[in-house]
Structure formats: C-alpha cells, structure tokens
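First up is the structure itself, then whatever we jot down about it.
The values are calculated or read from the model by the stated rules, or taken from the named source; none is laboratory data. For clarity, every value in this text was computed on a predicted model and none was experimentally measured. Cβ coordinates were reconstructed from backbone atoms using ideal geometry, including for glycine residues, and neighbour counts include every protein chain displayed.
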Amino acid sequence: MERVSYFVTVPYFPEYNLDLDNIDGMLIEPGGARSFKEICLELSYQGAEDLYLRIELKDTQNGIRYTRYKIKNSTEHQKIYWNFRDADSYSFPSDNDLDLHKAKQLIFIIERNNFGDYIINSDKGSINFHRIWFSSDKSETKPQSDEEYIDLVERRTYQYFLDWSSRKSPSLGIPQDRSNFGDLLTVGGIGFALPLI
C-alpha cells in the first residue's frame, strides 16, 4: 500500500505580532505601560512515566527562546510559570535569540526522543491543557467607580480595533470578525470602529 502525505497550508499573517515589552501599544493604562513577564500553564498529565514538555516562544524572524519542564504523572492540576526574561531559565540558538518586540508563536512540544539533550518521553499518555496565559509586570486594578469602569470598557474596545483590524492595503482598517480568525473580516464592524477614529 502506497503511503500518501497531505499538507495543509495555514494562512500566515506577518503583519501581526505581539510586543511583549509594550502589550497595550499606544494605549497606556492608568498605572503605566505594561509588559509580559511570564508564560503560565495549568495542566494535568497521566502516563506511564513523567513527561518532559518543551515550550518555545518564537518571533517573526524565527528567533527563539525555549525551555523544558518535567511534568509529573498526576491527575492533579499542575501549574508552570516560565519567566522567559530570566536568562537562566531559557536557551536559544547562539545567533537567533527572540526579539521581544515581535513575538509570534507559542509552541508546546512533546519530543519522543532527543538524545542530544537526554530526553526520552513515553509514547503513551494524555496531557490536558486547562489554562494558558501571560502574566504582566503590573496587575490590573478593578474599577472603583462607574466612570473608571466606562474608561476601561472604552480602552479595551479601542484596543480591539487597534490590534485586530487589517493591515493589508486591500482591506486596510476593516476589523476581524473575531480575534482568532485572521482571515475573516467584517464590513459591519467598520461601523463600530468609526467612532474610535
């Protein structure tokens, strides 16, 4: 029987990236500019042996920082906090460190075997990611009044249109229907964006 491989091409949007040093862009929060300091995970793993999970953070030019964590075989939720800014907590190819201003991909890898790094993972087991988030260097404060709450809603609404409107010339300024579908724009959303201009 002949073996056939199929490849699916996923649209790549080079104009979008995340500035880990300035997560609010041109909007400044009342407490000042914010940056991300950690990648946080909550997960559970069941398998025959403990598991090594590789976490990679890549930029638009394939610059990379990565680390590995040993995940215990347990039904209990486990939390991981990776400070990707701490030089002692990550590795990178000698000539290709991550550009913190152009982060693009967060990747989780379970390596079957990586003999160079003495990694051997079992081929059986299940891992569940319950929650993935970034933590910032400044915590958000809850609005203390109706006026502060309205200000927060205005900033977050404006931020959506800054972050998720098309930057390509044929569709420049048309917002995405949802932030997780970069190729689905909404002409109706222009009406919501107009008051922000």
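Residues checked against (1) touching a residue at least 60 places away in the same chain (Cβ under 8 Å); (2) hydroxyl-bearing (Ser, Thr, Tyr):
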residue	(1), (2)
Ser135	yes, yes
Thr141	yes, yes
Tyr160	no, yes
Pro170	no, no
Ile190	no, no
Ala193	no, no
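Under 7 Å between Cβ atoms, which residue pairs at least 6 apart in sequence (or on different chains) link something in the range 31-46 that is without any contact (Cβ under 8 Å) to a residue 40 or more places away in the chain with a partner that is surrounded by fewer than 19 Cβ atoms within 10 Å (Cβ to Cβ)?
Between residues of the range 31-46 that are without any contact (Cβ under 8 Å) to a residue 40 or more places away in the chain and residues that are surrounded by fewer than 19 Cβ atoms within 10 Å (Cβ to Cβ), the close pairs are Ala33/Asn22; Ala33/Asp24.
Tyr118 is checked against (1) modelled with pLDDT under 95; (2) at negative phi; (3) loosely packed, with under 12 Cβ neighbours inside 10 Å and fails just one. What number does that condition carry?
(2)
Is it the case, given these coordinates, that Leu106 is outside any loop (DSSP other than H, G, I, E, B), surrounded by 14 or more Cβ atoms within 10 Å (Cβ to Cβ) and modelled with pLDDT of 85 or more?
The answer is yes for Leu106.
Does Ile107 satisfy being out of contact with any helix residue (DSSP H, G or I) (no Cβ under 8 Å at 6 or more places or on another chain), of a type in the set (Val, Ile, Thr) and under 13 Å from Tyr66 (Cα atoms)?
yes
With the condition kept exactly as written, say whether any residue in the range 132-144 is at positive phi and either out of contact with any Asp or Glu (no Cβ under 8 Å at 6 or more places or on another chain) or among the charged types (D, E, K, R) (or both).
So far as the range 132-144 goes, no, none of its residues is at positive phi and either out of contact with any Asp or Glu (no Cβ under 8 Å at 6 or more places or on another chain) or among the charged types (D, E, K, R) (or both).
Going by what's in this entry, would Ser136 be described as modelled with pLDDT of 90 or more, hydroxyl-bearing (Ser, Thr, Tyr), in contact with a Lys or Arg (Cβ under 7 Å, 6 or more places away or on another chain) and surrounded by 12 or more Cβ atoms within 10 Å (Cβ to Cβ)?
yes
Does the range 92-101 hold any residues that are surrounded by 12 or more Cβ atoms within 10 Å (Cβ to Cβ) and free of Cβ contacts under 8 Å to residues at least 60 places away in the same chain, and which are they?
Phe92, Asn96, Asp97, Leu98, Asp99, listed by residue number.
With Arg85, Arg155, Arg112 as the choices, which residue is basic (Lys, Arg) and not assigned by TED's automatic domain parsing to the domain that holds Ser44?
Checking each option against the conditions leaves just Arg155.
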